[in-house]
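The values are calculated or read from the model by the stated rules, or taken from the named source; none is laboratory data. The shown structure was predicted, so the numbers you read here are calculated from the model rather than taken from an experiment. Positions of Cβ are backbone-derived with ideal geometry, glycine not excepted, and every protein chain shown enters the neighbour counts. Just so you know, the surface numbers come from the protein's heavy atoms only, side chains and all, with ligands and any DNA or RNA stripped out. Shrake-Rupley method; radii C 1.70, N 1.55, O 1.52, S 1.80 Å.
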Amino acid sequence: MNREILQLAIPSIITNISVPLLGLVDTYIAGHLSPYTLASISIGTAIISSLYWAFGFIRMSTSGIAAQAYGKKDAKEMANSLSRSLLFSFIAILLIFLIKDELCELALKKIDNDLKEQVVDYIDICIWGAVPVLSLYAFKGWFIGLQNTVYPMLTSILMNMTNILLNFFFVYKLDMDIKGIALATVIAQYFALVVCIGLAFYKYRHLVKELDWKETIKAEGLTRTLNITSALFFRSLFLIAVTNFIPIAGAKEGVSIVAGNATLMLCFTLFSYFTDGFAYAGEAISGKYVGAQDYIHLKKAVRHLFIWGSSIALCFTFIYAVGAETLLSNFIKEKETITTSLPYIKWVVAIPLVGFAAFLWDGIMIGITKTTPMLIGTLAGAVVFFAIYYNCIAEWHNHAIWCAFLSYLATRSLVQTIWWQQNNNKIIKTEEGTCEA
């Protein structure tokens, strides 16, 4: 079991770690052009990322459904889970293009006109990446469901390497400035999609042949997918609300607090890269055992996942307790910001222990396609977050933000833990291979 988990988790962790490399290169190149270019890319990326993040449910729903079909050895459903996901991706792409202008106008309403012009230029090019990005969500979820996290890793690495090379070419050789950075991103995304399609035909040609569009658009399959994705979609909105509120709340406490919080949040991000790897493994493994109606191995998988998750959490807790201050000094030049951030390190030390269960339960719930507990947990966490923040901010100031964030993570963990304890022995076998209590 441990070997199976690691074979799925390690490529996912490598995939996650490769992502910030691209961001660092973009920031480096933009930073050497002009402050306006750097600011424009930061704002534009935030807007585009929020749009894509809202449709992250496409990947998650696909992995759970495909994993259960894999466990059942149902080749037709494995193939149709991909085509159904691509259909939802296409609908999401159309929606993004429909709302893009209104969203930009709303987000850029109070921004300087010169800066706004650059941001719009950047978004107008990057928005064409919606086609490959949302399609890649479908393929990534499908590969994970088929117990294959190596292909998403290869795709991500190739996309990031291509993006980096094109960035230098367009900006320094063709002198395309911000438009070159945006164009490099889009071309790399399309290249990654071509790679994914090639890999799918290379290894899963036998499944692709089973694809039946008549089965894909049947009400039963679409309804099941819609039920799963709707809960995940609203969950994403609550996640976005909490995550985007943190820098806004910090801004009210001062510039140094914003900078310090952003750096401290890197500790959460780094921890999430590793824990997410085991969450992806949880999606694949739990879905497979549910599909195979092997509940004994499902419970064993959950137990082993939490052993790995708690071990990772303890390691990061130790690292942050010993080295968080050193980490701050490497990322922040201004001594004032470092001094301002020091009182909040204790919250960062607690993040791994408080938050690892939320990540693992998310993966397991996706695998068994029980997304309602995820939605309820995230909703409850968001309510707790805002309740603590608004009740404590007057006296606790920035400590209220961190207390609210940790309480949000703890609530997500607690709600899903309670659901599992109440329902894991009531899970029954169904013809669809899903878990129902």
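Given N residues in the chain, what is Rg(Cα) / (2.2 N^0.38 Å)?
0.98
What order do you get for 306-316, 137-147 when each peptide is scored by the mean count of other beta carbon atoms within 10 Å, highest first?
Top to bottom by mean Cβ count within 10 Å: 137-147, 306-316.
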Mean Cβ-within-10 Å packing, highest first, puts peptides 2-9, 53-60, 69-76 in the order 53-60, 69-76, 2-9
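Given an 8 Å cut-off on Cα distances and at least 6 residues of separation, report the relative contact order of the chain as a percent.
On the way: 626 pairs, mean separation 97.5, N = 437.
After rounding, I find 22 percent.
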Mean accessible area per residue over the range 244-389 (1.4 angstrom probe, all protein chains present, square angstrom) is 40 Å²
Excluding same-chain residues fewer than 8 positions from K214, which lysines have a Cα within less than 17 Å of its Cα?
-> K76
Counting only protein heavy atoms, what percent of the accessible surface of the range 124-236 is carbon or sulfur at a 1.4 Å probe?
-> 70 percent
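Once the cut-off is 19 Å, how many percent of the Cα-Cα pairs in the range 246-344 end up in the long-distance tail?
56 percent
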Mind checking the full-extension length gain between L314 and L6? Use 0.36 nm per residue of separation minus the Cα-Cα distance, one decimal, nm.
-> 109.1 nm
Compute, for T326, the solvent-accessible surface of its heavy atoms (probe 1.4 Å) with the complete set of protein chains present, and express it in square angstrom to the nearest 10.
-> 80 Å²
Tell me, what is the per residue accessible area of the range 47-196 in Å², probe radius 1.4 Å?
-> 41 Å²
Carbon plus sulfur fraction of accessible area for the range 299-414, probe 1.4 Å, in percent | 67 percent
With the 8 Å Cα cutoff and a minimum separation of six or more residues, the range 152-294 has a relative contact order in percent of 12 percent
Selection from F271, G377, I65 lying farthest towards where the dipole of the chain points positive, charges on Cβ = I65
Lys/Arg +1, Asp/Glu -1 at C-beta; the chain dipole; positive extreme among L226, S413, Q147 = Q147
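Relative contact order of the range 262-414: what whole-number percent is it, with Cα pairs under 8 angstrom and at least 6 residues apart?
Dividing the mean separation by the residue count of the range 262-414 yields 30 percent.
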One finds, for D74 and N425 with R0 = 45 angstrom and r their Cβ-Cβ distance, a FRET efficiency to the nearest 0.05 of 0.95
Say we join alpha carbon atoms closer than 10 Å with springs in a Gaussian network model of the chain; which of V322, V150, V242 then has the biggest fluctuation?
-> V322
For the range 170-272, what does the equivalent ellipsoid look like in terms of its semi-axes, each the square root of 5 times an eigenvalue of the Cα gyration tensor, given largest first in whole Å?
-> 38, 27, 13
Pairs K109/K370; K109/K335; K209/K288; K116/K173: which are spaced more than 29 Å apart, C-alpha to C-alpha?
-> K109/K370; K109/K335
Which whole-number percent of Cα pairs in the range 45-112 have a distance greater than 17 Å?
-> 53 percent
